[in-house]
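The values are calculated or read from the model by the stated rules, or taken from the named source; none is laboratory data. All figures in this text were calculated on a predicted structure; none of them were measured in a lab. Methodologically, a virtual Cβ is constructed for each residue, glycine included, from the backbone with ideal geometry; neighbour enumeration extends over all protein chains shown.
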Amino acid sequence: MSFRPGIWFLPLAVAACGGTSSDTGLEAAVRVAGGQFYPGSIDKLASADVPTVVDVLNSQNVIIPGLQNKQISGRLDPGSTAVAIGFSGDIGYWILPADVPDADSPTQPTFHASLSFSPSLPQTSYDLIVRAATPPNTIGPATHVALDVEPSLPPTGALVVSLWWDTGSDLDLHVVDPYGVEIWAGNINSYDRYSTLPAPDAGAMSEAGILDFDSNAGCVIDGRCNENVVWSVAAPAGDYVARVDTFSLCGNSAARWTVEALFDGVSLGKAEGEALPASQRFSKGKGSGVTALSFTVASP
């Protein structure tokens with residue numbers, strides 16, 4: 001039997017309101033894709049001894065503010081039809097329908113939840129609570145998952161070229177160095193092992209310009225919305241060009257972006273712009289994108 005929030009399962013916390021909450025939960029610290037939001041603390045729901053959460057599978061206990069699509073899953077007591085998920089002390093919680101049992105545990109319903117987190121989460125530890133539920137209004141004891149929030153720190157290096165943007169879109173940073181080498185998601189390191197003879201020392205590759213992360217690649221939103229090309233030790237003198245390629249807006253109407261180049265911590269230039277639907281029409285490989293910033297690294 002499928003679970004239908006607000007029709008035959010009505011949590012005690014909102015039963016007096018006469019139906020499903022109209023609050024979309026956008027202000028909650030954690031959001032659950034496909035879940036129904038109910039205001040009120042998940043800690044204070046009336047608790048029964050059963051049904052229980054058999055287990056919770058969670059691959060990573062460290063999150064960053066704004067992270068999206070974090071997956072957790074698990075198994076529930078037989079007869080469970082849903083799970084309640086939320087942070088302890090948050091403004092509300094989410095009810096998510098249970099899934100069918102898997103082959104390994106044919107009598108135990110399962111759940112699969114995709115979590116997204118507020119970009120304004122402070123750096124602290126959170127208690128994520130998962131509770132099994134059965135109709136009409138029975139919610140079992142809490143299972144606790146500890147999550148630690150760590151900030152996404154800016155990279156450091158001799159030269160750092162950074163791109164940030166403000167929506168869950170897939171933008172790509174391209175940086176062309178003075179030798180004409182383009183660093184981007186398709187070529188993350190400016191060191192070219194095939195064109196340099198004789199072979200340089202073993203540290204040459206790590207001293208090149210390196211892209212640190214392909215954020216939101218393929219519209220799998222990671223919440224970073226930031227990419228950096230970093231020369232950790234030294235950067236060649238000469239002229240550089242930084243471009244922004246709008247691979248996809250991922251359903252958003254626009255994305256406002258900022259590009260900045262820092263040399264030994266001092267800004268060599270900063271630019272801002274906006275990616276619009278028309279920006280997605282261009283090629284997605286080497287040479288794509290709009291020029292955002294040109295700058296020069298002086299000779300030592």
Among what's in the stretch 215-255 and is β-branched (Val, Ile, Thr) and assigned to a strand (DSSP E or B), pick the residue that is nearest to the chain's Cα centre (by Cα). Thr246
Counted residues in the stretch 123-141 being in contact (Cβ under 8 Å) with a residue 40 or more places away in the chain, surrounded by fewer than 20 Cβ atoms within 10 Å (Cβ to Cβ) and either part of a loop (DSSP other than H, G, I, E, B) or not assigned by TED's automatic domain parsing to the domain that holds Gln108 (or both) come to 4
Step by step: first the residues of the stretch 104-121, then only those that are at pLDDT 90 or above and part of a loop (DSSP other than H, G, I, E, B), then the one that is nearest to Phe37 (Cα to Cα). Which residue is that? Pro109
If you check Ala255 against the conditions, is it within 23 Å of Val230 (Cβ to Cβ), in contact with a strand residue (DSSP E or B) (Cβ under 9 Å, 6 or more places away or on another chain) and at pLDDT 95 or above? no
Residues in the stretch 211-251 that are over 30 Å from Ser299 (Cα atoms) and of a type in the set (A, V, I, L, M): how many? 4
Is there a residue being surrounded by fewer than 22 Cβ atoms within 10 Å (Cβ to Cβ), at pLDDT below 95 and assigned to a strand (DSSP E or B) anywhere in the stretch 78-91? no
Does Ala46 fit the bill of being free of Cβ contacts under 8 Å to residues at least 40 places away in the same chain and over 30 Å from Pro151 (Cα atoms)? no
Among the residues that make up the stretch 243-251, is at least one of them at negative phi and in contact with a Pro (Cβ under 7 Å, 6 or more places away or on another chain)? yes
